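*Asks:* Dropping a structure here in structure tokens format, bear with me for questions.
The values are calculated or read from the model by the stated rules, or taken from the named source; none is laboratory data. Just so it is clear, the structure is predicted and the values come from calculations on it, not from any experiment. For neighbour counting, all protein chains shown are included, and Cβ atoms are generated from backbone atoms with ideal geometry for every residue, glycine included. All accessible areas refer to the heavy atoms of the entire protein, side chains included, with ligands and DNA or RNA removed. Shrake-Rupley method; radii C 1.70, N 1.55, O 1.52, S 1.80 Å.
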Amino acid sequence: MNDALLGGFVDAAVQSSHAFRAALTVLSQPGEIRELHGAVPPAPLSVAAGVLLLTLCDGTTPLHLAGAYDCASVRDWITFHCGAPLVSVEAAVFALGDWVALQPLGQFAIGLPDYPDRAVTLIVEMPALEAKGAVLRGPGIADAAYLSLPEVAAFQANRALFPLGFDCFFTCGAKVAALPRSTHVEAV
Amino acid sequence: MSDQAYNFAYLDEQTKRMIRRAILKGVAVPGYQVPFASREMPMPYGWGTGGVQVTAACLTPDDTLKVIDQGADDTTNAVSIRKFFQRTAGVAVTEATADATLIQTRHRIPEAALTTGQILVYQVPIPEPLRFLEPRETETRKMHELEEYGLIHVKLYEDIARHGTIATSYAYPVKVEGRYVMDPSPIPKFDNPKLSNSPALQLFGAGREQRIYALPPFTHVVSLDFDDHPFEPSKAPHDCDLCGAGESYLDEVITDDQGGRMFVCSDTDFCRTRCEAGHLGALGVPVLKGGA
């Protein structure tokens, strides 16, 4: 049997509801880390990234695969389970890859001044994900939160664009964290 | 047990994904109204179709749902929405604010303090705070884009010119994180201070107008005012006649045609909890534990 057919949700309604609540929690409380389970995507996709794709992407959300993630096994898996059109950078509503492969970030849609919601959501695959590192402040954070971001300058530049800008999910294994464009980031 | 003829929480998965994406963008840009493809629901517009869709997209089988209408758990709108999700999602329900993980509300914020992890879903009739001042969507969208909010201050000023004070008492406009002016839905302005820095996530759904917006936890929300006419949350100058609470928002209930009236907490859970704890208002009757 073709591997691309395997590894999706077994009980889509329930599993996606749990996955969305975790995604909503980490995006509304930057610095929080949750775990996502339920999908078994092909390498190099992490479980968390696979679950996010199954939960948020479908035929209406053009997806860009960056770097090593743009391979036949991932493309086939996404095509079968999500049906998301795989597109070039400029047309992407979602983009998936590691931090280096997603560069330069300036090529992604940051929304329009009258429709700031029309901005890309990046799913960034990380080698590690911990609640320490850069200092986060802003909506969703009582005082300060910490997250091991791949860098700081890019997120400061992104915050300066507010209300425009991209929003990020970070995934590592089953772990997921997020950084909305509204968060102020400082180096330690 | 949920009704197996429906998908979990009624909506199909594609619709839920669409709503979930809108909610996430709303959370990323607090106070901005995200357009979404609102569906027809098995209840009329004005009954909370926006709130119901947001709730359906957020519910998990582990949730405990509370639904209130003007603070009350036992009115038609609250009962019908609660039963709707009991039937289609099989979730547990409660009337106790502290026990609920997700609270759908029509026009009140519960008196009891909300906590981290709770989600408060508001039903919103007209999400655009500038709509009654400027009917054209193209214009209000431009005003939000340019942060051109002079008109809403003129409206508050006209209140002062006409009535001597800001007479707006519900749906009182707020500014979110110093950027977007937002309609907090028709909650009494008494509730406005609770919008700011709440530990709970607040989501707003407007079904007929097809908009979703959000306030993440610990978001800074300021009620618009003037230096010489500062914002004042107001309530009826009484104590609750049932439980004696002096700090809760009150409903006025006409009791006869001789001018008789009583004031009772609009939050029925808050009032009942206090009555059961032995608090007694001017017209209250001691509650026997376990009996009505």
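*Asks:* With runs of 4+ DSSP H residues as the only contributors, calculate the mean residue ellipticity of chain B at 222 nm using -39,500 (n - 2.57) per run, divided by the residue total and rounded to the nearest 500.
*Replies:* On the way: 7 runs with 76 residues, N = 292.
Taking each H run of at least 4 residues, the total per residue is -8000 deg cm²/dmol.
*Asks:* State the volume of the convex hull built on the alpha-carbon positions of region A:122-188, expressed per residue in Å³ and rounded to an integer.
*Replies:* Numbers: hull volume 5.2 nm³, N = 67.
About 77 Å³ per residue, rounded to a whole number.
*Asks:* Compute the normalised compactness of chain A: alpha-carbon radius of gyration over 2.2 N^0.38 Å, N being the residue count.
*Replies:* Details: Rg = 15.7 Å, N = 188, 2.2 N^0.38 = 16.1 Å.
Computed over Cα atoms of chain A, the ratio equals 0.97.
*Asks:* So what does residue B:32 come to for accessible area, using a 1.4 Å probe and Å² rounded to 10?
*Replies:* Rounded to the nearest 10, the figure is 10 Å².
*Asks:* Which value, in debye to the nearest 20, describes the size of the charge dipole of region B:222-273 about its Cα centre when Lys and Arg Cβ atoms bear +1, Asp and Glu Cβ atoms bear -1, and nothing else is charged?
*Replies:* Working: 3 positive and 13 negative charges, 46 e Å.
Its charge dipole is roughly 220 debye.
*Asks:* Could you tally the net charge around residue B:140, taking each other residue with its Cβ under 15 Å from the Cβ of residue B:140, Lys/Arg +1 and Asp/Glu -1? Present the calculation step by step, with values, prior to reporting the outcome.
*Replies:* Values: positive: B:131, B:136, B:141, B:142, B:155, B:211; negative: A:114, B:128, B:134, B:137, B:139, B:145, B:147, B:148, B:183, B:209.
That works out to -4.
*Asks:* Enumerate the calculated ³J(HN,Hα) couplings along region A:124-131 in order (Karplus 6.51 cos²θ - 1.76 cosθ + 1.60, θ = phi - 60°), each rounded to whole Hz, writing x wherever the residue is Gly or Pro.
*Replies:* 9, 7, 10, x, 8, 9, 9, 7
*Asks:* Out of A:176, A:94, A:160, whose Cα points farthest toward the positive end of the dipole of region A:3-186 (charges: +1 Lys, Arg; -1 Asp, Glu; placed on Cβ)?
*Replies:* Final value for the positive-end residue is A:160.
*Asks:* For region A:62-104 and region A:155-188, what is the separation of their C-alpha centers, rounded to whole Å?
*Replies:* One Cα centre to the other: 19 Å.
*Asks:* Straight-line reach from residue A:132: which aspartates and glutamates have Cα under 18 Å away, leaving out those fewer than 8 places along the same chain?
*Replies:* A:32, A:35, A:143, A:151, A:186
*Asks:* Shifting gears a bit: In whole Å, what is the distance between the alpha-carbon centres of region A:106-121 and region B:20-85?
*Replies:* So the two Cα centres are separated by 26 Å.
*Asks:* Please give the net charge around residue A:24, taking every other residue with its beta carbon less than 15 angstrom from that of residue A:24, where Lys and Arg add +1 and Asp and Glu add -1.
*Replies:* Details: positive: A:21, A:34, B:16, B:17, B:20, B:21, B:25; negative: A:32, A:35, A:167, B:62, B:63.
Taking every other residue near residue A:24 into account, the sum is +2.
*Asks:* Next question. At 222 nm, what helix-only mean residue ellipticity would chain A give, in deg cm²/dmol to the nearest 500, using -39500 (n - 2.57) for each DSSP H run of four or more? Don't skip to the answer; put the middle values down first.
*Replies:* On the way: 5 runs with 49 residues, N = 188.
Here the helix-only value at 222 nm equals -7500 deg cm²/dmol.
*Asks:* Starting at the first residue of region B:6-17, write each ³J(HN,Hα) from the Karplus equation 6.51 cos²θ - 1.76 cosθ + 1.60 with θ = phi - 60°, in whole Hz, x for Gly and Pro.
*Replies:* 10, 5, 3, 6, 6, 6, 6, 5, 5, 5, 4, 4
*Asks:* Only four residue types carry charge here, +1 at the Cβ of Lys and Arg and -1 at the Cβ of Asp and Glu. Report the dipole size of region A:3-186 about the Cα centre in Debye, rounded to the nearest 20.
*Replies:* Details: 9 positive and 17 negative charges, 53 e Å.
That gives region A:3-186 a dipole magnitude of about 260 debye.
*Asks:* Could you give the dipole magnitude of the protein assembly as shown about its Cα centre, charging the beta-carbon of Lys and Arg +1 and that of Asp and Glu -1, in debye to the nearest 20?
*Replies:* Values: 38 positive and 56 negative charges, 117 e Å.
Dipole magnitude for the protein assembly as shown comes out near 560 debye.
*Asks:* What number comes out for the charge environment of residue B:67, summing +1 per Lys or Arg and -1 per Asp or Glu over other residues with Cβ under 14 Å away?
*Replies:* On the way: positive: B:66, B:82, B:83, B:87, B:106, B:108; negative: B:63, B:69, B:73, B:74, B:95, B:99, B:267, B:269.
Result for the neighbourhood of residue B:67: -2.
*Asks:* Straight-line reach only, C-alpha to C-alpha below 18 angstrom: list the lysines that residue B:16 could link to, leaving out same-chain residues fewer than 8 apart.
*Replies:* Straight-distance partners of residue B:16: B:25.
*Asks:* Compute accessible area for region A:20-48 by itself and then with all protein chains, 1.4 Å probe, and report residues whose area falls by 50 Å² or more.
*Replies:* The answer is A:20, A:21, A:24, A:27, A:28 - residues whose exposure falls by at least 50 Å² when every protein chain is included.
*Asks:* Counting only protein heavy atoms, probe 1.4 Å: which residues of region B:191-233 lose 40 Å² or more of accessible surface in the full assembly compared with their chain by itself?
*Replies:* Checking the loss per residue gives B:217, B:218.
*Asks:* Could I ask something else about it? When only alpha-carbon atoms count, how far does the protein assembly as shown stretch along each of its three principal axes, as whole angstroms with the largest first?
*Replies:* In descending order, the Cα extents are 80, 52, 43 Å.
*Asks:* Each label point is 7 Å from the Cα along the Cα-to-Cβ direction; what then is the distance between the points at residue A:88 and residue B:126, in nm?
*Replies:* 4.6 nm
*Asks:* Using a 10 Å cut-off on Cβ to Cβ distances, tally the other chain neighbours for every residue of A:95-104 and report the average as a whole number.
*Replies:* Details: counts 0, 0, 0, 0, 0, 0, 0, 0, 0, 0.
Mean partner shielding for this stretch: 0.
*Asks:* Quantify, in whole percent, the carbon and sulfur part of the accessible surface of region B:127-255 (1.4 Å probe; protein heavy atoms only).
*Replies:* Details: 3040 of 5850 Å².
That fraction is 52 percent.
*Asks:* Taking θ as phi - 60°, what are the ³J(HN,Hα) couplings along region A:179-188 by the Karplus curve (6.51, -1.76, 1.60), each to the nearest whole Hz, with x for Gly and Pro?
*Replies:* Using θ = phi - 60°, the values come out as 9, x, 5, 7, 7, 7, 10, 10, 6, 5 Hz.
*Asks:* Using amide H atoms built 1.01 Å from N in the peptide plane, name the residues 5+ places from residue B:90, or on other chains, whose amide H lies under 5 Å from its own.
*Replies:* The answer is B:3.
*Asks:* Please state, rounded to one decimal and in Å, the Kirkwood hydrodynamic radius that region B:235-283 gives when every pair of distinct Cα atoms enters the mean of 1/r. Can you show the working numbers first?
*Replies:* On the way: mean 1/r = 0.0933 Å⁻¹.
Kirkwood hydrodynamic radius for region B:235-283: 10.7 Å.
*Asks:* Among A:163, A:104, A:41, whose mean-square fluctuation peaks in a Gaussian network model of chain A (Cα, cutoff 10 Å)?
*Replies:* Most flexible of the set in this elastic network: A:104.
*Asks:* For residue B:235, give me every one of the lysines with a C-alpha distance below 23 angstrom, ignoring sequence neighbours fewer than eight places off in its own chain.
*Replies:* The qualifying lysines are B:155, B:175, B:189, B:194.
*Asks:* Which value, to two decimals, describes the C-alpha radius of gyration of region B:13-223 once divided by 2.2 N^0.38 Å? Each step should come with its number before you reach the end.
*Replies:* Working: Rg = 16.6 Å, N = 211, 2.2 N^0.38 = 16.8 Å.
Computed over Cα atoms of region B:13-223, the ratio equals 0.99.
*Asks:* Counting only protein chains, not ligands or nucleic acids, how are B:162, B:179, A:159, A:34 ordered by accessible area (probe 1.4 Å), most first?
*Replies:* Values: B:162 175, B:179 20, A:159 45, A:34 85 Å².
Correct descending sequence by accessible area is B:162, A:34, A:159, B:179.
*Asks:* What's the buried accessible area, both sides, between B and A using a 1.4 Å probe, rounded to 100 Å²? Each step should come with its number before you reach the end.
*Replies:* Details: alone 14080 and 8640 Å², together 19530 Å².
The buried area between B and A, both sides summed, comes to about 3200 Å².
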